[in-house]
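Asker: First, the structure itself, so that you have it in front of you.
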Amino acid sequence: MSGGEVLAVRYGTRTTTCAESYLNWHVYREPDAAFTMDYFFWVVRDATGRTTLLDCGFAPDVGRRRNRDLLADPVAVLDALGIDPGSLERLVVSHAHYDHIGNLDRFPAAEVVMTRRELEFWSGPHAARVQFAHSTEPDELATLARARDDGRVTTFDGHLDLGGGVELIEVGGHTPGQLVALAPVPGGRAVLAADALHFYDELTADRPFFVVADLAAMYAGFDLLGELAAPADHVLVAGHDAEVGRRFPGRVPGTDDLAIRIEVDA
Ligand SMILES: [Zn+2]
């Protein structure tokens, strides 16, 4: 598949530790260490030229409250890329955590696409329990519910072909209805893991992230990502790994090096 483009926009960052990031870190019996965790959303231009966003980043004030460093307001980066949030037609939500739907209210015209399971979970009976709720913001879940009530949310189960070479696959694990995306890029296809894979280490060392709704589904997601990314013309893009910026050297001019071009054999 060719004729498409994917940009990973690195809009935020923080320093974290292994013990704070990996589930039950103590079982690995390794010393703790600090590392950089980046925050991304993704701009997908499909083979027909249509622009879709995958997630929209944390809201600046919420990021500040949660001690995340904002490198640029996601909407300002879109502006630099010539994308008008007010007229954006399609926003795919990988899952409903604060760092993925934080700016949803700034895309008033967009069709929101996500899994049915993810949408239903966050208005369901367990969403307010602290182990789930700590990764969400009530106002943002309310914005999502309003979009649903306005008929702007399209949901699916399992698999959705968006056309133009873009496909969405429900994997669960990190959240009940977490999805991953496939999209055409120069030289092949990108596997956009979002938070089905925060860090490449989760896959290579088989170490789940600490925020997990279903551990078996998370491991199954790792297996699926490994299969999806196996062809030589496919590249795997982790959702929070600073390594993304090193693996993919291409940058879009005028974005302060925040818009990273995802390419095969870059
Ligand atoms: Zn995230």
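Asker: Using 0.36 nm per residue of separation minus the Cα-Cα distance, give me the extension gain between Q131 and D257 in nm, one decimal. Kindly include the intermediate steps, with their values, before the conclusion.
Answerer: Values: separation 126, 0.36 × 126 = 45.36 nm, distance 3.49 nm.
Gain on extension, Q131 to D257, equals 41.9 nm.
Asker: Next question, about the same structure. Between the DSSP loop rule and a limit of at most 12 other Cβ atoms within 10 Å, which GluC sites (Glu not before Pro) in segment 59-156 are left? Don't skip to the end; give the middle numbers.
Answerer: On the way: sites: E89, E111, E118, E120, E140; in loops: E89.
Passing sites in segment 59-156 are E89.
Asker: If you don't mind, another one. Near D105, within a Cβ-to-Cβ distance under 13 Å, what is the net charge of the other residues, with Lys and Arg +1 and Asp and Glu -1?
Answerer: Values: positive: R106, R146, R152; negative: D61, E137, D139, E140, D150.
Its environment carries a net charge of -2.
Asker: Given +1 on the Cβ of Lys and Arg, -1 on the Cβ of Asp and Glu, and no further charges, what dipole in debye does segment 5-262 carry about its Cα centre, rounded to the nearest 20?
Answerer: Details: 23 positive and 39 negative charges, 47 e Å.
It comes to approximately 220 debye.
Asker: Given R₀ = 35 Å, what would the calculated FRET efficiency be for A205 paired with D61, taking r from the Cβ atoms and rounding to 0.05?
Answerer: Values: r = 35 Å, r/R0 = 1.00.
Given R0 = 35 Å and the Cβ-Cβ separation, E is 0.50.
Asker: Would you please classify the overall shape of segment 78-138 from the alpha carbon gyration tensor, given that a ≥ b ≥ c denote the square roots of the eigenvalues, rounded means a/c under 1.5, and beyond that prolate means a/b larger than b/c while oblate covers the rest? Spell out each step's value before the answer.
Answerer: On the way: a/c = 3.14, a/b = 2.04, b/c = 1.54.
Prolate.
Asker: Mind giving me the nanometre distance, one decimal, between the label points for S87 and D265, set 7 Å out from Cα along Cα→Cβ?
Answerer: Roughly 3.8 nm, to one decimal.
Asker: Which ³J(HN,Hα) values in Hz, rounded to whole numbers, follow from the phi angles of segment 134-144 under the Karplus curve 6.51 cos²θ - 1.76 cosθ + 1.60, where θ = phi - 60° and Gly and Pro get x?
Answerer: 5, 9, 10, 10, x, 4, 6, 5, 5, 4, 5
Asker: I need to check one value: relative contact order of the chain, counting alpha carbon pairs closer than 8 Å and at least 6 residues apart, in percent.
Answerer: Values: 588 pairs, mean separation 56.4, N = 266.
Relative contact order of the chain: 21 percent.
Asker: Between D149 and T16, what is the spin-label point distance in nm, taking each point 7 Å from the Cα along the Cα→C-beta axis?
Answerer: 3.3 nm
Asker: Continuing with this model, one more query. Could you list the trypsin sites (Lys or Arg not before Pro) in segment 113-195 that lie in coil according to DSSP, counting only those with at most 13 other Cβ atoms within 10 Å of their Cβ? Walk me through the numbers before you get to the answer.
Answerer: Working: sites: R116, R117, R129, R146, R148, R152, R189; in loops: R129, R152.
Listed in order of number, the matching sites are R129.
Asker: Roughly how many whole Å is it from the C-alpha centroid of segment 103-129 to that of segment 214-257?
Answerer: 23 Å
Asker: Using 0.36 nm per residue, how much length does the chain from E243 to Y28 gain when fully extended, once their Cα-Cα distance is taken away? Mind showing how you got there, number by number?
Answerer: Details: separation 215, 0.36 × 215 = 77.40 nm, distance 2.21 nm.
Separation in residues times 0.36 nm, less the Cα-Cα distance, equals 75.2 nm.
Asker: For segment 1-31 and segment 185-213, write down the distance between their C-alpha centroids in whole Å.
Answerer: 8 Å
Asker: To continue, here is another question. Once you sort the root eigenvalues of the Cα gyration tensor of the chain as a ≥ b ≥ c, which label holds: rounded (a/c under 1.5), prolate (a/b larger than b/c) or oblate (the other case)? Mind dumping the intermediate values first?
Answerer: Working: a/c = 1.26, a/b = 1.07, b/c = 1.18.
Rounded shape, in that the Cα axes give a/c under 1.5.
Asker: In nanometres, what is the gap between the two model label sites at T51 and D214, each 7 Å from Cα along Cα-to-Cβ?
Answerer: Rounded to a tenth, the inter-label distance reads 3.5 nm.
Every number here is computed from the coordinates shown, using simple stated rules; none is lab data. Quick caveat: nothing in here was measured; it's all calculated off a predicted structure. Heads up, the Cβs are rebuilt from the backbone with ideal geometry, glycines too, and the neighbour counts pull from every protein chain shown.
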